[in-house]
Amino acid sequence: MSRTPSPAGAARAGRALPRAAAALVVVLLLLVIVRLPWAGDLGMHAATVQRLRHSLLHPGNPLVDADTPSPYYSPWMLVLGALAKLTGLSVFVVLRIAALCGLTLLVTGVWRYVRTLSAHRAAPALALLALLFLWGTLLFNWSGFVGLNSLALTVAYPSVFALGLTFHFWAWLTRALREEAAWGRWLWLGVLWALILLCHQFTGVVASLGALAMVIAARPARAVLPRLAAAPALGLLLLWLWPYYDFFSLFSAGADLEAIHRPLYEHLAARFGLVLLGVAALVLRVRRDRRDPLALFFLLGVLVFAAGGLTGHYSWGRALPAALIPAQLAAALEAVSAGRRSVRAGWACVLGAALAVGAWTQAGTLGYVTGRAALPSAVAAKYRTPWVGYHWITPWVKYGDVVMARTLPARQIPAYGAYTVAPGYPDVFLRDAARREGAVERYFAPGTSASDRAGILREYDVKWVVGPENTAWPGLRKVTAGPGGEALYRVAP
C-alpha cells in the first residue's frame with residue numbers, strides 16, 4: 001500500500017531538490033575551472049597578469065609594446081600579478097586560482113544577499129539556479145552576464161570576481177540600512193564600491209544601480225544621511241587616487257566601444273525571453289510593496305538599457321544585468337514567498353519548467369568538461385568549441401617579442417608574454433591604435449610591396465609573423481606550423 005508524503009516530508013524534499021541541483025552546478029563549474037576553456041577576453045586578462053608579474057609598478061600596455069595606462073590594471077589583477085611574481089606559477093594556473101576565488105565569491109554573495117530578502121532555506125539555491133538558467137532559448141555569452149555557459153567561459157574574468165563582490169556589497173548595504181550602522185561600516189561600503197568599479201567598470205554600474213534602488217526602498221532616516229553620503233564620497237576619492245589609470249577618463253571612450261556593444265540590443269526575446277517570468281514576479285512584488293527594492297532595481301536597469309539603445313550609447317547595454325538580476329531573483333523568491341501553498345506550488349512548477357528550458361539551451365556547457373566526443377549528438381550540437389590558443393609558438397617567441405598578427409591571433413598571443421603590433425581589443429588609452437591597425441591591414445594586404453612590408457616590420461621592431469601557412473614573402477623564414485593552417489615565421493634581421 002503506497003503512502004502519501006506528509007506535508008513536512010514534501011517541504012523537506014522541496015528544499016533539498018534546489019540545493020542538490022545548485023550543488024551539482026557548482027561542481028560542474030569547478031570541473032570547468034580545471035579545464036579553463038579559452039574564448040573571448042581570457043587572453044587579455046592573461047596578458048595583464050603577464051605584465052604585472054614582470055613589473056608591478058610600471059607594467060605598460062598589456063597588448064602592445066607601448067608605455068600607456070590600462071583599465072585592466074585593477075586591484076584584483078594587481079593581486080594576481082603579485083601572486084604570479086612571488087610564486088612563479090604560470091599565468092594560466094593563476095587564472096584558475098582567480099576563477100576559484102570568483103566562483104566562491106559569487107556563490108557566497110548570492111547566498112548572503114538572498115538571505116536578506118527571504119529566510120526560506122531553499123531561496124539561495126533557487127536564486128542561484130535562476131541566475132544561471134533563467135535566460136532564453138538562444139545561447140548568449142558575454143562578460144558580466146552569468147548564464148551557465150557564459151559563466152563557464154568567463155569564470156576567470158575580473159567581471160565574475162566583481163559581481164561576487166557586488167552581491168556581498170548589496171548584502172552589507174541592506175543590513176546597514178536596516179540597522180542604521182555606524183560610520184565605520186559605511187566607510188567600508190564606500191571602499192568596497194570603489195573596488196568593484198575598479199575591478200570591472202560595467203559591473204560597478206550594475207552594483208551602483210542596485211545600491212541606489214536599495215537606498216530608495218529603505219527610506220533612511222535623516223540622521224543616517226551624512227554617513228550614507230560619506231560612503232560614495234570616499235569611493236570617489238579612491239577612484240581618483242588609483243594610480244594605474246584615470247578612471248574618470250573612461251567616460252569619454254571612443255566610438256569603437258559603442259560598435260562592439262551594439263549586438264547587446266539584438267535578439268532580445270530569444271536571448272532573455274524566460275526572464276519575463278521574473279517580470280511577472282516583480283509585478284506581484286510591487287502589488288505587495290510599492291517600494292520593493294528588486295522592482296526599483298529592475299526599473300533603473302531598464303531605463304539605462306533603453307536610454308543606451310535610443311541614444312546610440314550601446315555600451316550602456318552592459319547595464320542590462322541590472323534588469324536581469326532582480327527579475328531572476330524575483331522569479332526564484334516567488335516560489336517560496338507567494339501567499340497560499342497552492343500558489344507557491346504552481347509557481348514552483350512554472351519556474352521549474354522555465355529552468356529546464358534554460359538548462360537545455362545551455363547543455364553544451366557539459367562539453368567544457370567532457371569534450372565534444374563524449375556528448376550525445378543533441379547536446380553536442382549546442383557545444384561551442386573554445387579557442388585552441390597559441391602555446392605552439394612559445395618554444396621560439398620569448399617574452400617581450402613583437403609579433404605581426406591579425407585580430408584573432410592578437411587576442412591570444414599576448415597571453416604568452418609577447419606583444420602584437422595592433423591590440424586585439426579596443427584600447428581607449430592607446431592614441432595610435434588606429435595607425436597600428438592600419439599597419440597590420442597593409443602588411444597582410446595582397447597588393448602591398450615587399451619594401452612597404454619591410455618598413456612596417458622595422459617600424460614596430462617585429463621579430464615574428466603569424467600568418468597563413470602558404471605565406472612566402474621575402475624576409476620571412478618559416479619556423480613551425482600550427483593548427484588551422486597557420487604558421488610562425490621568423491623575420492630576417
Relative contact order, percent, the range 98-197 [alpha-carbon distance under 8 Å, six or more residues apart]: 36
Could you do me a favour and compute the accessible area per residue for the chain, 1.4 Å probe, result in Å²? 44
Starting from the Cα of LYS463, draw a straight line to each of the lysines and keep only those under 18 Å, dropping any in the same chain fewer than 8 residues away. LYS398, LYS478
Unit charges at the beta carbon, dipole of the chain: most positive-side option, LEU268, TYR460, GLY485: LEU268
I need the semi-axes of the equivalent ellipsoid of the range 170-288: take the C-alpha gyration tensor, multiply each eigenvalue by 5, square-root it, list largest first in whole angstrom. 29, 26, 9
About the Cα centre of the range 16-135, how large is the charge dipole given +1 on each Lys and Arg Cβ and -1 on each Asp and Glu Cβ? Please answer in debye to the nearest 20. 500
Counting only DSSP beta bridges with both residues in the chain, what percent are antiparallel, rounded to the nearest 5? 70
Evaluated over the range 1-148, the Cα radius of gyration and Dmax, each in Å: 20.5, 79
Taking the Cα centre of each part, how many Å lie between the range 446-493 and the range 173-252? 50
Name the trypsin sites (Lys or Arg not before Pro) in the range 257-357 that are in a loop by DSSP and that have at most 11 other C-beta atoms within 10 Å, would you? ARG290, ARG340
Phi angles of the range 393-401, converted by Karplus (6.51 cos²θ - 1.76 cosθ + 1.60, θ = phi - 60°) into ³J(HN,Hα) in whole Hz with x for Gly and Pro, give 8, 5, x, 10, 7, 9, 4, x, 5
Just to check I understand the Karplus step: with θ = phi - 60° and J = 6.51 cos²θ - 1.76 cosθ + 1.60, what whole-Hz values come out for the range 19-34, glycine and proline as x? 5, 5, 5, 5, 5, 5, 5, 5, 4, 4, 5, 5, 5, 4, 4, 4
Under the Karplus relation with 6.51, -1.76 and 1.60 and θ = phi - 60°, whole-Hz ³J(HN,Hα) for the range 441-449, x at Gly and Pro, equal 4, 5, 4, 8, 5, x, x, 6, 6
Add -39500 (n - 2.57) for each DSSP H run of 4 or more in the chain, then divide by its residues: what number comes out at 222 nm, to the nearest 500 deg cm²/dmol? -19000 deg cm²/dmol
The set of residues whose placed amide H lies less than 5 Å from the amide H of GLY467, leaving out same-chain residues fewer than 5 positions away, is ALA487, TYR489
Taking Cα pairs closer than 8 Å and at least 6 residues apart, the relative contact order of the chain in percent is 17
Accessible area of the chain belonging to carbon and sulfur atoms, whole % at 1.4 Å probe: 64
Rounded to the nearest 0.05, what FRET efficiency do LEU225 and ALA374 give with R0 = 51 Å and r taken as the Cβ-Cβ distance? Could you check? 0.30
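Shape call for the range 298-401 from the C-alpha gyration tensor, a ≥ b ≥ c root eigenvalues: rounded (a/c under 1.5), prolate (a/b greater than b/c) or oblate?
oblate
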At q = 0.26 Å⁻¹, what log₁₀ I(q)/I(0) does a Debye calculation on the Cα points of the range 343-419 give, no solvent, two decimals? -1.05
Take the alpha carbon gyration tensor of the range 231-301, find the square roots of its eigenvalues, order them as a ≥ b ≥ c, and report rounded if a/c is under 1.5; if not, report prolate when a/b exceeds b/c, else oblate. oblate
Averaged over all viewing directions, the convex hull of the alpha carbons in the chain casts a projected area in nm² of 26.9
With +1 on each Lys and Arg Cβ and -1 on each Asp and Glu Cβ, and nothing else charged, work out how big the dipole of the chain is about its Cα centre, in Debye to the nearest 20. 1860
Hey, how many Å between the Cα centroid of the range 257-323 and the Cα centroid of the range 355-400? 29
Averaging 1/r across every pair of distinct alpha carbons in the range 260-309 and inverting yields a Kirkwood hydrodynamic radius, in angstrom, of 12.1
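The values are calculated or read from the model by the stated rules, or taken from the named source; none is laboratory data. Bear in mind that the values here come from a model prediction, so they are computed numbers and not experimental data. Glycine gets a Cβ as well: all are built from the backbone with ideal geometry, and neighbour counts include every protein chain shown. Surface accessibility is based on the protein's heavy atoms, side chains included, excluding ligands, DNA and RNA. Shrake-Rupley method; radii C 1.70, N 1.55, O 1.52, S 1.80 Å.
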